[in-house]
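The values are calculated or read from the model by the stated rules, or taken from the named source; none is laboratory data. Keep in mind that this is a model prediction, so the values were computed, not measured. All Cβ positions, even for glycine, are placed from backbone atoms using ideal geometry, and neighbour counts span all protein chains on display. Protein only, heavy atoms only, side chains kept; ligands, DNA and RNA dropped before computing areas. Shrake-Rupley method; radii C 1.70, N 1.55, O 1.52, S 1.80 Å.
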Amino acid sequence: MKTIVEIGAGLAEKKTSAVEVATAALASAKEDTFSAFLAIDEAGAMAAAKASDERRARGAALGPLDGVPVALKDNILTEGVVTTAGSKMLADFTPPYDATVTARLKAAGAVIIGKTNLDEFGMGSSTVNSAFKPTKNPFDPSRTPGGSSGGSAAAVAAGIVGGALGTDTGGSIRQPASFTGLVGLKPTYGRVSRAGVIAYASSLDQVGPMAHTVEDAALLLEAIEGFDANDSTSSDAKKTVWRDALRSGVKGLRIGLPREYFVDGMDAEVDSSVRAAAKRLEALGASVVDISLPHTKYALATYYVIAPCEASSNLGRYDGVRYGHRAADAKALKELYEKSRSEGFGPEVKRRIMLGTFALSSGYYDAYYRKAQQVRTLITRDFEQAFQSVDIVLSATSPVLPWRLDEKLDDPLAMYLMDVLTLPCSLAGLPGLSMPSGVSASGLPIGVQLLGRRFDEATLLRTAFALEKH
Ligand code: GLN
């Protein structure tokens, strides 16, 4: 299991070649012990690796990702490589262009090994909602790796690739990172372009890195962030060399522990892991205070109105005419829509479309969607208030340890409840990072979550770096 930095060092010192590294990655991706992959791009990866070796031989290596094998969640478009979003609706969809983040990784010399499994369209917290197969947790194959970016998490945790991209709408990078002992970063909304990322809930979706270390995550973020003319919500916030921001320590930083994040039903080992992380930060020179984010209890309901509303609108494009699966035997247009959508979408996606369509319908809009938007503002203000007295908010990422793959299957609400700690950050558009903070008695990873001010990934990363080194 090698980090991006270690792979990069091996390449720079010519101990190995990009072709050798890619060959090994492709072999274990094909074996796919944990069902992490939906597609493997052998030809593309080998060509990219060869090109990387040639550049390096000329003394023209591109930077820290040049020749490093990575994987992309399968809702991120890859030109010429099937991209399904984990849905039968897109089982045969081959994108004619790259997402901006794909193009940026390629431009940095990264070698894309393949596309990773996810809950259909990103809707879920377990990867069990994939239309194709569930992914297994490398720490215990009977358990979920989390979701929806569970394939990316498993591919990195199993050491198949150096790092991966996931997407996070309400926790889908952070929670699987927490369940597989990785660092996962959801950037500030707007930090990374969404162009070419299959939309789930557009006001929440962000792409971000999943990696073994904070430094690796920073390297991936550096490669993909920044303004993009093809995403009008992408920000021109200054690009930083994140790695340089890592090493300044946490002396004098103020860390807030929100009391609302120690929820009922929280696993005792998770609880004590968060408190231990706070103690470690204190020992490193930060100060830790209790804070309150009073509207936290509304975040779950707010998210599960707003996200399905946006999803019901975004998924309207899959009608069997313009996009996606087309039913074979429909006799009229309405029947074509109905059949194509009934056959193409899985049960959770249908549930979200129905919830969202209902909440947006006339007579209900004010009671649900408008109200949810108002509460979203209150949740955002909670954080603004808190960040006047603290620099970082610290909590658990998930209230529980990775559950068994056969649990919570017939209880969608139980699954939604698992997102309680990651949703508020998404609603507020803040950057959030999950990192390993310990291992349970049963050998399962435990993660903590750090939240920062808008566009203050620098403080987030340096705090995480200090905690990781401790
Ligand atoms: N579990 C949440 C949902 O189902 C978040 C998923 C995500 O971040 N893509 O909506």
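Specify whether the C-alpha gyration tensor of the range 372-434 places it in the rounded, prolate or oblate class, a ≥ b ≥ c being the square roots of the eigenvalues: rounded for a/c under 1.5, otherwise prolate if a/b is larger than b/c and oblate if not. Oblate.
Compactness of the range 1-99, taken as the C-alpha radius of gyration over 2.2 N^0.38 Å, stands at 1.17. Of the accessible area of the range 345-470, computed with a 1.4 Å probe over protein heavy atoms only, carbon and sulfur atoms account for 56 percent.
Which FRET efficiency value, to the nearest 0.05, do you get for ALA414 and SER142 by plugging their Cβ-Cβ distance into 1/(1 + (r/R0)^6) with R0 = 22 Å?
Efficiency for this residue pair is about 0.75.
Using just its DSSP H runs of length 4 or more, each adding -39500 (n - 2.57), the chain gives a mean residue ellipticity at 222 nm of -11500 deg cm²/dmol after division by all residues. The Rg/Rh ratio of the chain, with Rg taken over Cα atoms and Rh as the Kirkwood radius over Cα pairs, comes to 0.96. Here are some pairs, LYS30/LYS106; LYS15/LYS239; LYS133/LYS408; which of them have Cα atoms lying more than 24 Å apart in this structure? Beyond 24 Å between Cα atoms: LYS15/LYS239.
Normalised by the number of residues in the chain, the average gap of Cα pairs under 8 Å and 6 or more apart makes the relative contact order 17 percent. Each residue of the range 235-247 was assigned a 3J(HN,Hα) from its phi angle through the Karplus curve 6.51 cos²θ - 1.76 cosθ + 1.60 (θ = phi - 60°); the sequence is 9, 9, 3, 3, 6, 10, 8, 4, 4, 5, 7, 6, 9 Hz, with glycine and proline shown as x. Length gained on full extension, ALA268 to ALA245: 4.9 nm, using 0.36 nm per residue less the C-alpha separation. In the range 158-255, Rg over Rh equals 0.98, where Rg is the alpha-carbon radius of gyration and Rh the Kirkwood radius from pairwise Cα distances. Rolling a 1.4 Å probe over the protein heavy atoms gives the chain an accessible area of 38 Å² per residue.
Restricting the calculation to Cα atoms, every distinct pair contributes to the Kirkwood radius of the range 199-309, found to be 17.6 Å.
Rounded to whole numbers, the Karplus 3J(HN,Hα) couplings from phi for the range 154-160 are 5, 4, 6, 4, 7, x, 6 Hz, using 6.51 cos²θ - 1.76 cosθ + 1.60 with θ = phi - 60°, and x at Gly and Pro.
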